[in-house]
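> Have a look at the structure that comes next, please.
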Amino acid sequence: QEQLVESGGGLVQAGGSLRLSCAPSGRTFDTYAMGWFRQAPGKEREFVAAINWSGGSTYYADSVKGRFTISRLNAKNTVYLQMNSLKPEDTAVYYCAARTGSSTYLASYDYNYWGQGTQVTVSS
């Protein structure tokens with residue numbers, strides 16, 4: 001069964017940086033659109049960033065624009081989320097998601113495959 005595996009989460013002070021990785025297992029996802037979502041305690045899952053299959057198109061939530069960068073290296077079958085200038089409100093479980101299609105997709109219901117999530121905690 002296709003599966004996405006996230007890594008790179010952890011505890012960081014406000015203003016710090018983390019890089020999340022998402023590496024699918026079971027198949028290659030180089031023709032899939034990818035996205036990152038996050039869910040904080042007591043809140044709904046929200047969109048963070050998306051990238052199309054080639055990496056030529058990206059989209060960000062307003063709350064992370066200018067601080068986060070989504071990228072992909074298809075040769076390594078990996079998608080990244082570089083997070084800079086982290087804030088306490090970025091604290092959440094971060095999920096990687098994938099789907100077929102040539103566009104970028106912003107809604108969680110657009111995605112077919114999900115990872116288990118990785119915890120990011122930003123202390124003040």
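The values are calculated or read from the model by the stated rules, or taken from the named source; none is laboratory data. Predicted, not measured: the structure shown is a model, and the values here were computed from it. Cβ atoms come from the backbone with ideal geometry, glycine included; neighbour counts cover every protein chain shown. What goes into the accessible areas is simple: the full protein's heavy atoms, side chains included, and nothing from ligands, DNA or RNA. Shrake-Rupley method; radii C 1.70, N 1.55, O 1.52, S 1.80 Å.
> Only one of these is open to solvent by less than 50 Å² (accessible area, probe 1.4 Å), acidic (Asp, Glu) and at pLDDT below 95: Asp110, Asp90. Name it. Walk me through how you get there before you give the answer.
Details: Asp90 fails: at pLDDT below 95.
Testing whether each residue is open to solvent by less than 50 Å² (accessible area, probe 1.4 Å), acidic (Asp, Glu) and at pLDDT below 95 leaves just Asp110.
> Pairs only if they're at least six apart or on different chains, beta carbon under 6 angstrom, first in the stretch 60-71 and touching a residue at least 60 places away in the same chain (Cβ under 8 Å), second of a type in the set (Val, Ile, Thr) and open to solvent by 60 Å² or more (accessible area, probe 1.4 Å); list them, first residue then second.
none
> Quick one: in the stretch 22-39, which of the residues that are under 13 Å from Trp114 (Cα atoms) and touching a helix residue (DSSP H, G or I) at 6+ places or on another chain (Cβ under 9 Å) is surrounded by the fewest Cβ atoms within 10 Å (Cβ to Cβ)?
Ala23
> Cβ contacts < 8 Å: first residue in contact (Cβ under 8 Å) with a residue 60 or more places away in the chain and farther than 13 Å from Ala107 by Cβ, restricted to the stretch 29-44; second residue among the aromatic types (Phe, Trp, Tyr) and open to solvent by 60 Å² or more (accessible area, probe 1.4 Å), any location; separation 6+ or different chain. Result?
Thr31/Trp53; Tyr32/Trp53
> Based on this model, can you work out whether Leu106 counts as under 16 Å from Gly10 (Cα atoms) and assigned to a loop (DSSP other than H, G, I, E, B)? Lay out the reasoning, then the answer.
Values: under 16 Å from Gly10 (Cα atoms): no; assigned to a loop (DSSP other than H, G, I, E, B): yes.
So Leu106 fails the test.
> Determine whether the stretch 84-94 contains at least one residue that is in a loop (DSSP other than H, G, I, E, B) and touching a helix residue (DSSP H, G or I) at 6+ places or on another chain (Cβ under 8 Å). First the steps, then the outcome.
Of all residues in the stretch 84-94, those in a loop (DSSP other than H, G, I, E, B) come to 84-87, 91.
Going one step further and asking which of them are touching a helix residue (DSSP H, G or I) at 6+ places or on another chain (Cβ under 8 Å), we end up with none.
Scanning the stretch 84-94, I find no residue that is in a loop (DSSP other than H, G, I, E, B) and touching a helix residue (DSSP H, G or I) at 6+ places or on another chain (Cβ under 8 Å), so the answer is no.
> Sticking with this one: Would the stretch 66-74 turn up any residue that is of a type in the set (Val, Ile, Thr), buried (at least 20 other Cβ atoms within 10 Å of the Cβ) and part of a strand (DSSP E or B)? Break it down stepwise before answering.
The first filter runs over the stretch 66-74 and keeps only residues of a type in the set (Val, Ile, Thr), leaving 69-70.
Next, from what is left, pick out any that are buried (at least 20 other Cβ atoms within 10 Å of the Cβ): 70.
Keeping just the survivors that are part of a strand (DSSP E or B) gives 70.
Yes, that holds for at least one residue.
> Just to be sure, is Val48 crowded, with 16+ Cβ neighbours inside 10 Å, more than 14 Å from the chain's Cα centre (by Cα), of a type outside the set (Asp, Glu) and on the phi < 0 side of the Ramachandran plot? Reasoning before the result, please.
Details: crowded, with 16+ Cβ neighbours inside 10 Å: yes; more than 14 Å from the chain's Cα centre (by Cα): no; of a type outside the set (Asp, Glu): yes; on the phi < 0 side of the Ramachandran plot: yes.
Judged against the criteria, Val48 is not a match.
> Which of (1) of a type in the set (A, V, I, L, M); (2) part of a strand (DSSP E or B); (3) modelled with pLDDT of 95 or more is the odd one out, the single condition Leu4 does not satisfy?
The one condition Leu4 does not meet is (3).
> Same structure, new question: Condition check: assigned to a strand (DSSP E or B), touching a Cys at 6+ places or on another chain (Cβ under 7 Å) and open to solvent by less than 60 Å² (accessible area, probe 1.4 Å). Does Val122 satisfy that? Explain how you work it out, then say what you get.
Numbers: assigned to a strand (DSSP E or B): yes; touching a Cys at 6+ places or on another chain (Cβ under 7 Å): no; open to solvent by less than 60 Å² (accessible area, probe 1.4 Å): yes.
Taking the combined requirement at face value, the residue does not satisfy it.
> Next question. Which residue out of Gly26, Gly55 is over 18 Å from Gln3 (Cβ atoms) and modelled with pLDDT under 95? Explain how you work it out, then say what you get.
Working: Gly26 fails: over 18 Å from Gln3 (Cβ atoms).
Answer to the check: Gly55.
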